[in-house]
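One structure below.
Values quoted throughout were computed directly from the atomic coordinates according to the rules given, and no laboratory measurement underlies them. Worth saying up front: this structure is predicted, and the values here are computed from it rather than measured. Positions of Cβ are backbone-derived with ideal geometry, glycine not excepted, and every protein chain shown enters the neighbour counts.
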Amino acid sequence: MLYFLPNDDILYDALLKRDPQWDGRAYVTVRTTGIFCRLTCPARKPKRENCSFHDTVGACLEAGFRPCKRCHPMAAGGEVDPMVQTLLTQLEADTSRVWREADLSKMGFDPSTVRRSFKRRYGMTFLEMARHSRLRDSFDSLSEGARVIDAQQDAGFASASAFREAFARLLGLAPAAFSKQALLRADWIETPLGSMIAVCDASNLHLLEFVGRKALPGELKKLWQGANGSLGFGRFAPTDQIERELQAYFEGTDARFQTPLALHGSAFTKDVWRALRDIPAGQTRSYGALACDLGRPQATRAVARANGANQIAIVIPCHRVLGADGSLTGYGGGLWRKQRLIELERQYLG
């Protein structure tokens, strides 16, 4: 099925609540003002009888409505708050800086406002994002053969124990657990939706996850155990290939992924993952519809579990599965990413 809107009562309730899960997936047109908005628009809410709902910006424009100047519905993902942009620029300029709430206050920003803004937009706080950037620097240093103590200092960690703890919390393993010349190698890939970890062997991609996903530490540890500890830093040819394919995907030029995959799951789970890959970019399925596609209409919950067990994000597009009513459901990379991936893939509908 193509993406469909639920009934107007559900969408009007989402408008009143400014529910972010519908941002970029549904728009409201207001008859009395002649404008259309995101459902997260901060403006005063119109009466129910004056509202109509559409699934695309084009439909709103064709109906004769103008875009709202407060929520900017024609900007992909909404315009970036100047405060957010300022902090992102500062972070990009010095990824090793150790940020504290006092630093935000000195810049004239309210730490609680910063926390809410980043959490709403990126699914993590600014301080968490800064910590991930520092750990990324240490990851790069270790990949280049640096000693753990040097990587720790490059990342701005004064304490060796704090560095090991932060590294292990993010990746599930302490730095010393990664070996040289390993059969599996892990490296970072940057995307417009945040950093990802790719784990490959010489022939296949085994894992592709967003940094910060709760399941990532456990998934990496499981791969490490399966490879008898032969997991290291660096990349093989499949890492370069998936990085190129992700770039094309986010640029809107190609949604096909040809990188060979190593799938770790039961026969049924692998069937679900293959069915997910059969969903064209720009389309969605419900869990029930996917179960029917597999000839197992009573296996909706099993399909949902297999969907949640996917550890190769985007390539195996579990983000294309919605609730039966069209609502977003759980996504390991964060609902905000799921929402933006669905919005991004509209361009592939042709």
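Here the 3J(HN,Hα) profile of segment 178-189, calculated from phi with Karplus coefficients 6.51, -1.76 and 1.60 at θ = phi - 60°, is 7, 10, 8, 6, 7, 5, 10, 10, 10, 8, 8, 10 Hz, Gly and Pro shown as x. Helix 126-143 and the longest principal axis of the C-alpha atoms of the chain enclose an angle of approximately 40°. Seen from residue 240, the other residues with C-beta closer than 15 Å to its C-beta sum to a net charge of -2, counting Lys and Arg as +1 and Asp and Glu as -1. The angle between the Cα long axis of helix 160-171 and the longest principal axis of the Cα atoms of the chain comes to about 50 degrees, rounded to the nearest 10.
As an exercise, find the ratio Rg/Rh for the chain from alpha-carbon atoms, using the Kirkwood inverse-distance average for Rh.
Result: Rg/Rh = 0.99.
Want the number for residue 48 to residue 9: 0.36 nm per residue separation, take away the alpha-carbon distance, what's left?
Working: separation 39, 0.36 × 39 = 14.04 nm, distance 0.87 nm.
Gain on stretching residue 48 to residue 9: 13.2 nm.
Segment 276-313 and segment 3-62 have Cα centres lying 28 Å from one another. Ignoring lysines fewer than eight residues from residue 180 along the same chain, the ones with Cα atoms less than 23 angstrom from its Cα are 221, 222.
Comparing Cα centroids, segment 82-108 and segment 190-251 end up 28 angstrom apart. Mind checking which lysines have their Cα closer than 30 Å to the Cα of residue 47? Skip sequence neighbours fewer than 8 apart in that chain. Hits, sequence-local ones excluded: 17, 69, 119, 338.
Between residue 248 and residue 204, what FRET efficiency follows from the Cβ-Cβ distance if R0 is 25 Å, with the result rounded to 0.05? The value I calculate is 0.80. Taken along the Cα-to-beta-carbon direction at a fixed 7 Å, the label points for residue 31 and residue 16 span 1.9 nm. Using only Cα atoms and rounding to the nearest 10 degrees, what angle (0 to 90) does helix 216-226 make with the longest principal axis of the chain? So the inclination is approximately 40 degrees.
Write down the percent of antiparallel bridges among all DSSP beta bridges whose residues are both part of the chain, to the nearest 5.
Numbers: 21 of 30 bridges.
Antiparallel bridges make up about 70 percent of those DSSP assigns within the chain.
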